[in-house]
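J.: Got a structure for you, questions after.
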Amino acid sequence: MRSREIKRRAGIGLRRGRVGVANFGYFKTKQLKEYFFRLCVVAAIVLIFGGLWGLLRPGIRVRVDAETVAAFQVPHRAIGLLRAYAAQSGISFAELFAVFNAENGFFPEKNVTYDLSVLERLYVYDFNRLLRQYNSRSITPYVRMFENLFSEIEVFPIPTGWYEDEASVMFGDSWGVEVNFQGNRTHRGTAIIDRENVRGRVPVVSMTRGTVRDAGWDNQLGYFVGIVTENNTYYLYAHLDSIATGLSAGQAVAAGTHLGNMGNTGGGRSGRSFPVHLHIAISPDVSFTRGNFWLNPYPILRYMENPTGF
């Protein structure tokens, strides 16, 4: 009898011991959950204050009129030089180029002259300090715009062989000039002109990879093709004499894909009221202004002539 009582009590003790171990595991799990919760709260607070610091921290805010940015009067040779310097120094070209433009107020004067010999000394050697002095939230939209553009554009819109030392075509900075066609308005692109003024002679290719968003007829644009990239940048090719056979909306294209041939269409199906040329327009997806934003393609096209800048 006594033996059974001893065994019974031993069993109870054993079971109680097991319950104690389980309780210990429960409390340990509870403590871990509380610790994880506190860690999440601290991380959330850090992120909130970090975001507020990025928004409110002292620093230069990029305050420039959207029209000045759109005119994009940057010296085109500076693009190639800064890209080369950025590659040599292992820094972001988009950040360097955004700082360069911001430091110069996005070059509000047309046909600006700039001493390219000081680029490296002024903007590369002291790049980190220059970048830090700007409010990050203020300059980031411009960095993203340049990052997108210069990662997208791969080729000149006139194929190699047709465009060599301006043998077949020519162009200047026609941004903002008055256009008297179906009402007065300003020119929002670059006109690349066929020197021989022959419709259908010069082929036009896509500067980028992307998807055809538009391909057809417009009374002002004539035959035109619109390409949208994965970054939602829209590239417009207008006044074509014809659109490449089979090209239609929704079609994926590679850089260098034939889009059509240069013409002078527009102003009605039979209207050909200006010299044979290609109208190039670029509309980046930006956050620093509302509505449709068009950027002057001229400096980029000039850069494509001589990518090194030297």
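J.: Could you tell me whether ALA215 is of a type outside the set (D, E, K, R) and either in the same structural domain as SER136 (by TED's automatic domain parsing) or touching a strand residue (DSSP E or B) at 6+ places or on another chain (Cβ under 6 Å) (or both)?
T.: Judged against the criteria, ALA215 is a match.
J.: If you go through the range 98-147, how many residues are surrounded by 19 or more Cβ atoms within 10 Å (Cβ to Cβ) and closer than 20 Å to GLN73 by Cβ?
T.: Residues flagged as surrounded by 19 or more Cβ atoms within 10 Å (Cβ to Cβ) and closer than 20 Å to GLN73 by Cβ within the range 98-147 amount to 14.
J.: Let me ask another. Could you say whether any residue in the range 97-106 is in contact with a Phe, Trp or Tyr (Cβ under 7 Å, 6 or more places away or on another chain), aliphatic (A, V, I, L, M) and either within 30 Å of VAL253 (Cβ to Cβ) or free of Cβ contacts under 8 Å to residues at least 24 places away in the same chain (or both)?
T.: Yes: the range 97-106 contains one or more residues that are in contact with a Phe, Trp or Tyr (Cβ under 7 Å, 6 or more places away or on another chain), aliphatic (A, V, I, L, M) and either within 30 Å of VAL253 (Cβ to Cβ) or free of Cβ contacts under 8 Å to residues at least 24 places away in the same chain (or both).
The values are calculated or read from the model by the stated rules, or taken from the named source; none is laboratory data. Bear in mind the structure is a predicted one, so any value in this text is a computation, not a measurement. Neighbour counts run over all protein chains shown; Cβ positions are idealised from the backbone, glycine included.
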